[in-house]
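Notes follow the structure.
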Amino acid sequence: MPGTHITDQQARLYMNLRRTHTRQTASAKAGFSPSTGARLDADPRLPSHKPAPRGRRRPDPLAAVWEAEIVPMLQAEPGLRPVAILGELQRRHPGFSPEVRRTLERRVRLWQGLYGPEREVIFRQEHPPGRQGLSDFTDMAALGVRVGGVLLNHRLYHFRLAFSGWEHAHVVLGGESFVALAEGLQDALWTLGGTPAEHRSDSLSAAFRNLDRDAAEDLTQRYEALCAHYAMQPTRNNPGVAHENGAIEASHGHLKTAIEQALLLRGSRDFDDLDAYRRFVDEIIGRANAGRRRAIELERPHLRALPPRRTTDYEEAIVTVTRSGGFLLRRVFYTVPSRLIGRRLRVRLYDDRLECLLGGTPVLTLCRGRIPRGRAARGWTGHVVDYRHVIHALRRKPGALLNLVYRDQLFPRLAFRQAWEALIGAKPSREACRTMVGLLALAHERACEAELAAALTEVLEAGDLPDLAMLRACFEPVRTSPVPAVTVDLPSLAAYDALLGPGVPAQDALAQGAWT
């Protein structure tokens, strides 16, 4: 091998083989190159009898500063990088040559191996089947997935069994909250069909960040109650020590790579809706779990049975519907049908939706809204608006559209917003508001939102303004042909005499109540 000195034993073996073999054969059997064999042929002395290797050919460029300056720096701060030390030496000694960088790097690396501080040791662990399941979140924004043409800023809740590697992923739209953890964990356990003895997670720093002590203790109690419901022992790794959760931290990269490659094979990162993207992720997870079938079958008998039912995976809040036609919850305003104004609703907050109940009766489900981090810090309020909830009232007051707080969120599609910008820029505000409200009412009454948006796009691309009367005519319901007149000829009662037999006329049978 290059750079490896031969031993006396190799030299003796070569010289013995050289008596009956060629140089190439003898050197190959001795374990070195033919050129080394040629040197032994020319000088048959054993390596131990030859002079010692040569010393340094040129003066040590660090001799003047190594012991006096560099070693004290390393002793004080062992983490110093060679490039930083070189910069300090150039500052102290103007004209210090930068060409000694490689020599300095080798010398520092050797010193750290001989005299450096002790480093942390990772102890590999054995994972018995059915013992441990792990949960964590991973950010997926870098993949550039788009849903309905809008970039999806999301995370994945990731669950994995330490023994078999069985995993489950759930798309999370918000942060690392307890609701996302509870929903994802329960989906994973019910898909698996059992529970491990221990559930391990990180410190849930995102869920506990910026919370006061009482709120943090409340979340801790809820997490412990969730684990107790499934008879799992809750454990957490130490903050900032990611390798303690390494059985799932390492698999994040594999999962992201698998999704990235599947997106490349798919040829597009656009999905029609969130359910389509979730099915896409589930398919990738299913293919990965199929390759672990034998390990999963070994672990499944060691899992504990599931409880009879799921436990709470949502948060609850009580809100009052205001005269504005909605309610404010966590700095997001949601519209609801106006018949609920003045009512108190019980709202269940999930990661991606809100379920509203009047008493114990579900009344509607809303998409959950969130405020971007930067805007939330500046006191902004978000809006989740459904124009169907307010269009009946807006038709009576179309002028309210001009300065409506949530006007931009009222438009269901981009074409409607573009139509409003064209109308308000070319017509008086009163007429523009009336036309725009009429378009929204038309989309609601005729259930033609998508078709009307396509028609508006064609009109705007042609450089025209929307004509409400023309569009109403285009989306008039198709009139059916008139109902034809049908003449029914009733048979004579005498025709039934043959069925009743002789002597009993049909008229008499009806009179006596024999027919019904």
Notebook entry, point to check: What does the stretch 1-122 give for Rg and for Dmax, in Å, if only its C-alpha atoms count?
Noted result: 22.3, 65
Item checked: Ranked ASP408, ASP270, criterion: other C-beta atoms within 10 Å, fewest first -> ASP408, ASP270
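Report the longest stretch of the chain that contains none of the trypsin sites (Lys or Arg not before Pro) sitting in a DSSP loop with at most 12 other Cβ atoms within 10 Å.
On the way: sites that count: ARG19, ARG45, ARG54, ARG56, ARG57, ARG119, ARG124, ARG209, ARG309, ARG323, ARG378, ARG479.
Between the exposed loop sites, the longest stretch runs 379-478.
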Note to self: Can you give me the angle between helix 274-290 and the longest principal axis of the chain, using Cα atoms only, in degrees from 0 to 90, rounded to the nearest 10?
What the structure shows: 50
Checklist line | Per-residue [θ]222 nm for the chain (sum of -39500 (n - 2.57) over DSSP H runs n ≥ 4, rounded to 500) | finding: -12500 deg cm²/dmol
Margin query: Among ASN153, GLY130, GLY193, whose Cα projects farthest towards the positive end of the dipole of the stretch 55-202, with charges put on the beta-carbon of Lys, Arg (+1) and Asp, Glu (-1)?
Written below: ASN153
Notebook entry, point to check: How big is the stretch 315-384 on each of its three principal axes, counting only the C-alpha atoms and giving the largest first in Å?
Noted result: 37, 25, 16
Check: Tell me which lysines have Cα within less than 25 Å of LYS29's Cα, excluding those fewer than 8 residues away on the same chain?
Finding: LYS50
Next item on the list: Within the stretch 111-168, list the GluC sites (Glu not before Pro) lying in a DSSP loop whose Cβ has at most 10 other Cβ atoms in a 10 Å radius.
Entry: GLU118, GLU120, GLU126
Next item on the list: Please state the charge dipole magnitude for the chain, taken about the Cα centre, from unit charges on C-beta atoms (+1 on K and R, -1 on D and E), reported in debye and rounded to the nearest 20.
Entry: 2480
Next item on the list: For the chain, evaluate the Debye formula with one uniform point scatterer on each Cα (no solvent term) and list log10 I(q)/I(0) at q = 0.08, 0.10, 0.12, 0.13 Å⁻¹, rounded to two decimals.
Entry: -0.86, -1.02, -1.18, -1.28
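Report the local net charge at ARG310: Lys and Arg +1, Asp and Glu -1, summed over other residues whose C-beta lies under 10 Å from its C-beta.
Computed value for this residue: -2.
I need the calculated FRET efficiency for the pair LEU46 and VAL83, taking r as the beta carbon distance and R₀ as 51 Å, to the nearest 0.05. Please list the in-between numbers first.
Numbers: r = 45 Å, r/R0 = 0.87.
Working from the Cβ atoms, E equals 0.70.
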Item checked: Per-selection Kirkwood Rh - the stretch 157-196 (Cα, Å, 1 d.p.) -> 10.5
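The chain: longest stretch without exposed chymotrypsin sites (Phe, Trp or Tyr not before Pro) (DSSP loop, at most 13 other Cβ within 10 Å), sites themselves excluded?
Working: sites that count: PHE123, TRP380, TRP515.
My reading of the result: 124-379 is the longest stretch.
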Notebook entry, point to check: Under 29 Å Cα-Cα from LYS397, which lysines qualify once same-chain neighbours fewer than 8 residues away are excluded?
Noted result: LYS427
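None of the figures in this text is laboratory data; all of them are computed from the coordinates on show. This one's a predicted model, so the numbers in the text were calculated from it and none came from an experiment. Here Cβ is always computed from backbone atoms with ideal geometry, including for glycine, and neighbour counts include all displayed protein chains.
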